[in-house]
Amino acid sequence: MRHAAPPSFDARTPRALLAAHRVRKASVLYSHSQTLDMRFVVATRHFAGLGFALRLQEEGHEVVVAFAGTDDRRLEENYALVGNGMVAKQPLADVVRDRESWRDAVWLWDENHSVDANELLRSEGFRVFLGGRYADTMEHDRDACLTLVGAYGLQPPLSRPFSDKALALAFLEENASTAYAYKPDVGETYETWLPQSDNPADANLELRQHLQTLTNTAAFVLQEVKDGIETNVEVWFQNGEPVFAFMALESKRKLTGDLGDFCGCAFDFTFVVPLESRIVQESVGRLFPEYRKMNYTGFGDANFIVSRDGIWFFEKCERFGYNAHPNLLWNLNRAPLGETFAALANGTFIPDFAPGFGASITLYMDHPVAGKVVQYPSAVSRNIYPYDVYREGDQLLTAGYYGDALLLACAFGYTIPTAWEAAIEVASSVKFAGRAYRLDGAGTDYPSSPLRRYEALTAMGYL
């Protein structure tokens, strides 16, 4: 179904012209993709790929969402709701068992999970994109990840592992003039803890007091807090060769002004960066020999901080990201989604992304519950990336499974501020009970301001 721009838009305003352009562009891509006839299996654990599955289905492809199941028995009923009435769903184990009937499909892993199933499919010659043992190891085995990147000169800030709170407190007292962050090996996203004090000694004391109140008994890491610009660079590889790179500037605090808990991503901006740029060459670019050695096809990323004393590595998450990939593929990609995914899986991908900026805003409920109506105008439907919804009759409803994100509002702009204004316009048109989202993506008066970070990276010669 194509969606025309609503008549309330005033064509005399630049914002209205941009919005109308986005709608026309979406319709052209949708029409073009109708000539295709492909099959896709979206293998998921937490339904992060639901939006991709729905877009592929809109383009006329056959799609099944193959879910791995949840380990949280309290949320099993909510988990079972996600995507109902919207797309075909089957347990991943069943789809893998009957895999020969999906021999001609592209299998997309939206997160790093179900490694054995992924590797089995690969060993039998199925077209599988992402997932697998390497990507899972990079995300979940920190020691193995640091060993690999360290061999190519990427080093993390000073980090010390602890399983005993008393030993950690003694370490902090011995290094009382240095600020550290707390990162548990097992726990919720919001349990990662950063001091709020700017003075390193005060920050150290703040962390010591925080550790004394911890109830999480899992092992953890204390990592030195580095002053600098945090960002993420991702390079796409085909048979070991880099073919495309982009950057994501995200903010992870839930509340406006960088207040509240950490979440996966509160909002972000994506934009294309040249493979030869300094920001690529001094981060993921250092690992190009390793990707060539592996003959790797997929995403290669690095989250790091650019400081006065160089680049400091944080982590690799080589999978579809929280906001970055919906943002990139909804706002900047000029090819139909099915063609893009098939080309990535076939090793024939040629990038075709617009200049400018994609913006995404995470909309969520403070207290997720099932069965609440979600409404938005048809004119913005192609600017929405759904995570935690299902359909019953003619109503779109909340599933109440994934607390950090109900859906994303996405938009394009030629600058960070105009992209944000367009995304806010989409977000404000979405209505549901307990609606929440950040309002300050283009602001400059809080620590993680993407606009200030972009200006800094440009001034430092990295972009």
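Residues that are surrounded by 17 or more Cβ atoms within 10 Å (Cβ to Cβ) and among the acidic types (Asp, Glu) within the range 96-125 comprise ASP110, GLU111, listed in sequence order.
Here GLN375 meets the list (1) more than 9 Å from PHE432 (Cβ to Cβ); (2) touching a strand residue (DSSP E or B) at 6+ places or on another chain (Cβ under 9 Å) almost entirely, failing just condition (1). With respect to the conditions (1) at pLDDT 95 or above; (2) out of contact with any Lys or Arg (no Cβ under 8 Å at 6 or more places or on another chain); (3) not in a helix (DSSP H, G or I), ILE361 lacks only one, and its number is (2). Can you find a residue in the range 141-156 that is under 18 Å from PHE67 (Cβ atoms) and touching a residue at least 24 places away in the same chain (Cβ under 8 Å)? Among the residues of the range 141-156, not one is under 18 Å from PHE67 (Cβ atoms) and touching a residue at least 24 places away in the same chain (Cβ under 8 Å), which makes the answer no. The residues listed here are GLY443, GLY461, GLY371; of these, the one that is part of a loop (DSSP other than H, G, I, E, B) and under 30 Å from ALA80 (Cα atoms) is GLY371.
With respect to the stated conditions, ASN346 is under 17 Å from PRO242 (Cα atoms), of a type in the set (S, T, N, Q) and either in contact with a Cys (Cβ under 9 Å, 6 or more places away or on another chain) or in contact (Cβ under 8 Å) with a residue 60 or more places away in the chain (or both). Residue under question is ASP10, and the condition is that it be modelled with pLDDT under 95, surrounded by fewer than 19 Cβ atoms within 10 Å (Cβ to Cβ), of a type outside the set (A, V, I, L, M, F, W, C) and under 22 Å from the mean Cα position of the chain (by Cα); does it hold? In short, no.
Look at ALA168 and say whether it is surrounded by 13 or more Cβ atoms within 10 Å (Cβ to Cβ), within 29 Å of SER283 (Cα to Cα) and not acidic (Asp, Glu). Against the criterion (surrounded by 13 or more Cβ atoms within 10 Å (Cβ to Cβ), within 29 Å of SER283 (Cα to Cα) and not acidic (Asp, Glu)), ALA168 does not qualify. Within the range 128-147, the set of residues being crowded, with 17+ Cβ neighbours inside 10 Å and more than 30 Å from ARG103 (Cα to Cα) comprises ARG142, CYS145, LEU146.
Results for (1) part of a helix (DSSP H, G or I); (2) under 19 Å from ALA48 (Cα atoms); (3) among the acidic types (Asp, Glu), shown as yes or no for each residue.
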| site | (1), (2), (3) |
| --- | --- |
| LYS254 | no, yes, no |
| CYS265 | no, yes, no |
| ASP268 | no, yes, yes |
| VAL280 | yes, no, no |
| ARG292 | yes, no, no |
| PHE299 | no, yes, no |
| ARG319 | no, yes, no |
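If only residues of the range 386-444 that are surrounded by fewer than 23 Cβ atoms within 10 Å (Cβ to Cβ) and among the polar types (S, T, N, Q) are counted, the one that is farthest from ASN327 (Cα to Cα) is GLN395. Scanning the range 31-67 for residues that are over 16 Å from SER101 (Cα atoms) and either within 24 Å of the chain's Cα centre (by Cα) or modelled with pLDDT of 95 or more (or both) yields a count of 18. Being surrounded by fewer than 20 Cβ atoms within 10 Å (Cβ to Cβ) and either within 20 Å of CYS410 (Cβ to Cβ) or touching an Asp or Glu at 6+ places or on another chain (Cβ under 7 Å) (or both) is the filter here; which residues of the range 224-243 pass it? The answer is TRP236, and nothing else.
Of the residues screened, GLU241 is not one that is modelled with pLDDT of 95 or more and within 18 Å of ASP136 (Cα to Cα). Reported count of residues in the range 267-290, each being within 18 Å of the chain's Cα centre (by Cα) and closer than 19 Å to THR415 by Cα, is 7. The lone criterion from (1) closer than 30 Å to ALA359 by Cβ; (2) at pLDDT below 90 left unmet by ARG160 is number (1).
If you go through the range 195-228 and keep only what is farther than 25 Å from ASP141 by Cα and β-branched (Val, Ile, Thr), you end up with just THR213.
The values are calculated or read from the model by the stated rules, or taken from the named source; none is laboratory data. Because the structure is predicted, anything quoted here is derived from the model rather than measured. Note: ideal-geometry Cβ built from the backbone for every residue, glycine included; neighbour counts use all protein chains shown.
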